[in-house]
Amino acid sequence: MKYTSSTTAVPDAPAVPRHVAIIMDGNGRWATKRFLPRVAGHVKGVEAVRTVVEACARRGVEYLTVFAFSSENWRRPEEEVSLLMRLFVTALEREVSKLHANNIRLKVVGDLSRFDAKLQGMIASAERKTAANTRMTLTVCANYGGRWDIMQAVGKMVATHPGAADFTEEQLAPHLAMAYAPEPDLFIRTGGEQRISNFLLWQLAYTELFFTDAYWPDFSSEHLDAAIASYQHRERRFGRTGDQLAEKTS
Ligand code: IPE
Ligand code: IPE
Ligand code: MG
């Protein structure tokens, strides 16, 4: 496959984003607002994932990527971390066959070595089971960090080109954790914060960013449509001028 990226060639700007990447934030605040424990927000958050997976597949999105647990989330209280891990296990147990029945491929990316053996085994078998599915690819980023991703890719790149001193983007990109997907067209962050929090640092170079105050458990297909509508009004210039774009389309 020929390597293309938003910085080496001007990519297509499809009307429906091919790849949507989401920071699902605000579970804790959603729960706190209701005098519930934070974990209730995470439980409700899993339901929102289900809704959005379905809505994206219906709209013809090819890749949906969700940030479930960052490399920095280990800093949270032990109790919350272990609850999140248990939720991950239950979600896999309950959802994988549904994903499979809907022809959706599941990928889990991040430094999985820190998860316990049972969870790692479940992830591997879920990926194997859904590997040949073609309708949409759902990527769950777990113990993922954008800097981790770049560093692990650099390590592999250097190992494949022993003795080399200069490297190109083309040599690095195949080693990134999500090398199988095009760069995200649309990034959504719920929960009101306007930051990247070490998500896909490399891949977001030319992604359109959309922020909403809605907490993740409240995120619905209407919110998704609002994000896609906003995306459709953007002029994706990839470094060129607006006049150049107008010439191309006239
Ligand atoms: C996002 O919701 C889920 C994870 C990071 C696992 P939060 O748990 O960060 O919710 P807030 O930001 O505290 O409200
Ligand atoms: C980002 O949310 C990570 C995930 C949604 C998994 P955080 O809640 O951890 O982000 P910060 O700490 O507010 O930047
Ligand atoms: Mg948060």
Can you name the residue in the range 32-41 that is closer than 13 Å to Leu84 by Cβ and near ligand 1 (Cβ under 9 Å from one of its atoms) and is also surrounded by the most Cβ atoms within 10 Å (Cβ to Cβ) among such residues? Gly41
Identify the single condition in (1) surrounded by fewer than 19 Cβ atoms within 10 Å (Cβ to Cβ); (2) in contact with an Asp or Glu (Cβ under 9 Å, 6 or more places away or on another chain); (3) aliphatic (A, V, I, L, M) that Ala124 does not satisfy, given that it satisfies every other one. (2)
Can you name every residue in the range 20-73 that is touching a Phe, Trp or Tyr at 6+ places or on another chain (Cβ under 7 Å) and among the acidic types (Asp, Glu)? Asp25
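FYI, it's all coordinate maths here, none of it is from the lab. None of these values were measured; they are calculated from a predicted model. Neighbour counts are summed over all protein chains in view; Cβ atoms, including those assigned to glycine, are modelled from backbone coordinates with ideal geometry.
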